[in-house]
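Shown next, in structure tokens, is the structure this report addresses.
The values are calculated or read from the model by the stated rules, or taken from the named source; none is laboratory data. It should be emphasised that the depicted structure is a prediction, and the values quoted were computed from it without experimental measurement. Glycine gets a Cβ as well: all are built from the backbone with ideal geometry, and neighbour counts include every protein chain shown. The accessibility values were calculated without ligands, DNA or RNA, using every heavy atom of the protein model including side chains. Shrake-Rupley method; radii C 1.70, N 1.55, O 1.52, S 1.80 Å.
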Amino acid sequence: MAEPWRDRARRAVEWNWRLRSVGDPRPHYVICGKDALAYYVARAMLESELPAGGARVTVVVPERYRSNGPDVAGLRGVRVVRSDRLDVATFEAAGLAGATGLALLHQDDVGNLHAALCAQAVDQRVRQVLRMFNGTLADGVRKLLKAPVEVLSDAEMAAPAFVAAALNEVDPSSFQHRDKTLRVARRADVRPQDVVCALAHLSEAQGVELLPAEQAGADLVLAEATGQPPGTEVAARRLVRARRRRRPVAVVLGAVRGFATRKIGIAVMAVLALIAVLGALISRAEDVSPLEALYLTLVTTLSGADPDTTKAADAQIMQVVLNLAGLALIPLITAVVVDGIVNARLALHTGRLQPARVGHVVVIGLGNVGTRVMAQLREYDVEVVAIDKDPEPRGAALARQLEVPLIVGDAALPETLVAASVADCQALVVASTDDVANLEAALAARDLRADLRVVLRFFDGDFAERVEETFALGVSRSVSYLAAPAFIGALTERAVITTIPVDRHALPVAEVPVAAGSELDGRPLDVVNRDGQVRLIARTPAGGAKTIWWKDLDPRQVIFAGDRLTVVARRRGLDWLTRQCAPPAHPVPVPRPAGSVHGGVPAPAAASASVPGQTGSGVGAAHPAAPAGQVPATTNGGQPEEVELTRRHDGSGEVS
């Protein structure tokens, strides 16, 4: 039977790429993932200008998958390998042997660990970057793998930005480098002598201007931590102090209302009203005091009374009716008790039985990000209420440990939001993994309270921008976009210290070594700073000397080989600086013209000129011809790449 066309085309692609990889000087990166984080990492590697000519990127995705954000398999210029298992055969098909780096970016800690072990069996020297949520497992992986490995958590890196947005403050995260601790702050919250550099100028007219030339007018700065708490911690303390006492009367009434169903409550109230009316009539007919009337009514209702034929007819009728009401009241009381116990157990299990709260923060979705946000808010002693559809989400155990109530239900339903007291909360953080569900929950919350602060998690950046412009729901954050620079730095072995989120942007803080013979070797320090791209904050001289910080940096100082430059930069600025600090490339020999003489022996005419980006051992006639019936491979959106490439000039001077 003939081979299926899909398998035939796949074998042709793999065969062709194995030929192309021989002699290709560009670094090869294998990225395994299907969500927005894999997309941003792959796109950055393709757009990177280090080294010249870019990098070769292979993306391994499942055969069939649905992406909430941008599709990593749709990137132009990547090679796509589809496989539902990350095993040895998949990595061999992806050309992992000899690759520069491997990124395992699935949201599955155990699956990423298994894939790392399989990749180690293919190539023990390839650098691996793993995405993991479990910190204990991550520490074990670092010790277990023989290959160079870096384990990162995107949720841990992005959670501070969500917390800061919920409390209407800047990112509370700080980092330590060398002998100083630095943090992000508003310029008005720090002393002028503690300002390291300007990070952003925020304005409604021009938006966000990163690393502005005018240092004094910036709204957001990087400052040295001098003991005072950051703005977010101050805001959290203020929120805790201003929290009003719970209203006990409202809590009791709410508990009574939720104790029984509506129909049973109406029946009980009707019977009690009837008993009260008959008791009043009996007291008037028999001319007794109110206490005696109450006694007679209760005894007649609950236990019955001896018949008395000498009474008037109306008194006998009222006595019979009271006896009947007593017969109805006993089972109603039993039903109320049973129904109340059942409802209470169900409400406690689903989290619906909650007291009224004021000034708390509601977190929707206890996945990786929501769990981190909840934990960090509790570290600041902020009261938190969690909502999730799953009765046992990933963060359920931690929520019980932190005594955070978990309400099980759909966050888009008003009754779920009312149970969490969303109308009286400080902020709503919507951090589930479904963009549509997040939008529905945000719109439902705004119906309860128009001025509610909402922090939305979106995977699709374009969708987030359009939602902000159209609905004005609040602040949107992309976890993948915030965490991508750290993963890229680990994959390319750049010393990325941390990533600073600014609005919808991310600024990596990195330390770049200066190589001998590089463009910056022997140049003054003032060439490093580039407005809007790179800002130098420290220099560590070669030989392990003491770090020179921003206060003592002289722009006229000369950069020497072995120096390490600490900068805050945008991604393209960091690419530029890394190229400037890289060692010089080896000179490429220039082919001599046909007929030239070297040592008295005529040189033969070149059959074909070298292909740009290829060395002498590159793709050329040295490769065998393709097997019959197989077609050359294509990258996404690119032109077919032939197995044997030649370059010649015709009479018009055009390349064919």
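Being among the polar types (S, T, N, Q) and closer than 20 Å to ILE497 by Cα is the filter here, so list the residues in the range 118-168 that pass it.
GLN128, SER153
Kindly evaluate THR547 against the criterion of being of a type in the set (Ser, Thr, Tyr), under 28 Å from the mean Cα position of the chain (by Cα) and either buried (at least 19 other Cβ atoms within 10 Å of the Cβ) or modelled with pLDDT of 85 or more (or both).
Against the criterion (of a type in the set (Ser, Thr, Tyr), under 28 Å from the mean Cα position of the chain (by Cα) and either buried (at least 19 other Cβ atoms within 10 Å of the Cβ) or modelled with pLDDT of 85 or more (or both)), THR547 does not qualify.
Answer yes or no: is there a residue in the range 436-443 that is without any contact (Cβ under 8 Å) to a residue 12 or more places away in the chain and out of contact with any strand residue (DSSP E or B) (no Cβ under 7 Å at 6 or more places or on another chain).
Checked against the condition, which is being without any contact (Cβ under 8 Å) to a residue 12 or more places away in the chain and out of contact with any strand residue (DSSP E or B) (no Cβ under 7 Å at 6 or more places or on another chain), the range 436-443 yields at least one hit.
Test LEU222 against the stated conditions and say whether it is modelled with pLDDT under 90 and surrounded by 13 or more Cβ atoms within 10 Å (Cβ to Cβ).
no
Please report, ordered by residue number, the helices (runs of 4 or more DSSP H) entirely within the range 366-424 with at least 2 residues that are open to solvent by less than 10 Å² (accessible area, probe 1.4 Å).
368-379, 396-401
Just wondering, is there one or more residues in the range 339-362 that are among the hydrophobic types (A, V, I, L, M, F, W, C), modelled with pLDDT of 90 or more, open to solvent by less than 70 Å² (accessible area, probe 1.4 Å) and within 22 Å of VAL430 (Cα to Cα)?
There is at least one residue in the range 339-362 that is among the hydrophobic types (A, V, I, L, M, F, W, C), modelled with pLDDT of 90 or more, open to solvent by less than 70 Å² (accessible area, probe 1.4 Å) and within 22 Å of VAL430 (Cα to Cα).
Read through the list (1) without any contact (Cβ under 8 Å) to a residue 60 or more places away in the chain; (2) over 25 Å from ARG564 (Cβ atoms), then give the number of the only condition that ALA431 fails.
(1)
Tell me the residue from LEU402, LEU482, LEU417 that is closer than 30 Å to ARG570 by Cβ and either modelled with pLDDT of 90 or more or touching a helix residue (DSSP H, G or I) at 6+ places or on another chain (Cβ under 8 Å) (or both), please.
LEU482
Assess whether VAL141 counts as being of a type in the set (Val, Ile, Thr) and either modelled with pLDDT of 90 or more or surrounded by 22 or more Cβ atoms within 10 Å (Cβ to Cβ) (or both).
no
Out of LEU428, LEU439, LEU452, which single residue is open to solvent by less than 10 Å² (accessible area, probe 1.4 Å) and within 18 Å of the chain's Cα centre (by Cα)?
LEU428
For GLY111, are the conditions met, namely being surrounded by fewer than 20 Cβ atoms within 10 Å (Cβ to Cβ) and either closer than 28 Å to SER432 by Cβ or touching an Asp or Glu at 6+ places or on another chain (Cβ under 8 Å) (or both)?
yes
Looking only at the range 35-74, count every residue that is in a loop (DSSP other than H, G, I, E, B) and modelled with pLDDT under 90 and tell me the total.
Summing the residues that are in a loop (DSSP other than H, G, I, E, B) and modelled with pLDDT under 90 in the range 35-74 gives 18.
Results for (1) surrounded by 21 or more Cβ atoms within 10 Å (Cβ to Cβ); (2) over 25 Å from LEU144 (Cβ atoms), shown as yes or no for each residue.
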residue	(1), (2)
MET45	yes, yes
SER48	yes, yes
VAL88	no, no
PHE91	yes, no
GLY101	yes, no
ARG125	no, no
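Has the range 513-527 got at least one residue that is part of a strand (DSSP E or B), crowded, with 23+ Cβ neighbours inside 10 Å and not charged (D, E, K, R)?
Taking every residue of the range 513-527 in turn, none turns out to be part of a strand (DSSP E or B), crowded, with 23+ Cβ neighbours inside 10 Å and not charged (D, E, K, R).
Yes or no: GLY95 on the phi > 0 side of the Ramachandran plot, crowded, with 19+ Cβ neighbours inside 10 Å and at pLDDT below 95?
Yes: the conditions hold for GLY95.
Name the pairs: first residue in the range 310-323 and free of Cβ contacts under 8 Å to residues at least 24 places away in the same chain, second residue outside any helix (DSSP H, G or I), Cβ to Cβ under 6 Å, at least 6 apart or on different chains?
Hits for this filter: ASN323/GLY304.
Of the numbered conditions (1) more than 30 Å from ALA147 (Cα to Cα); (2) surrounded by 23 or more Cβ atoms within 10 Å (Cβ to Cβ), PHE487 fails exactly one; give the number of that condition.
(1) is the only condition that PHE487 fails.
Of all residues in the range 168-184 being open to solvent by less than 60 Å² (accessible area, probe 1.4 Å) and modelled with pLDDT of 85 or more, which is farthest from PHE487 (Cα to Cα)?
LYS180
Residue by residue through the range 490-504, note down the ones that are assigned to a strand (DSSP E or B) and crowded, with 16+ Cβ neighbours inside 10 Å.
Correct list: VAL496, ILE497, THR498, THR499, ILE500, PRO501, VAL502.
Being open to solvent by less than 30 Å² (accessible area, probe 1.4 Å), part of a helix (DSSP H, G or I) and of a type in the set (Gly, Ala, Ser) narrows it down to one residue among ALA155, ALA147, ALA121; which is it?
Only one candidate passes the filter, namely ALA155.
Among all residue pairs at least 6 apart or on different chains, which show Cβ distances below 8 Å where the first residue, located in the range 400-414, is under 18 Å from LEU439 (Cβ atoms) and the second is of a type in the set (Ser, Thr, Tyr)?
If the second residue must be of a type in the set (Ser, Thr, Tyr), the pairs left are GLY409/THR350; GLY409/THR416; ASP410/THR416; ALA411/SER432.
Go through (1) more than 30 Å from GLY474 (Cβ to Cβ); (2) touching a residue at least 24 places away in the same chain (Cβ under 8 Å); (3) not in a loop (DSSP other than H, G, I, E, B) for ALA99 and report which single condition fails.
(3)
Which members of the range 552-610 meet the condition of being surrounded by fewer than 12 Cβ atoms within 10 Å (Cβ to Cβ), modelled with pLDDT under 85 and under 30 Å from VAL502 (Cα atoms)?
Within the range 552-610, none qualify.
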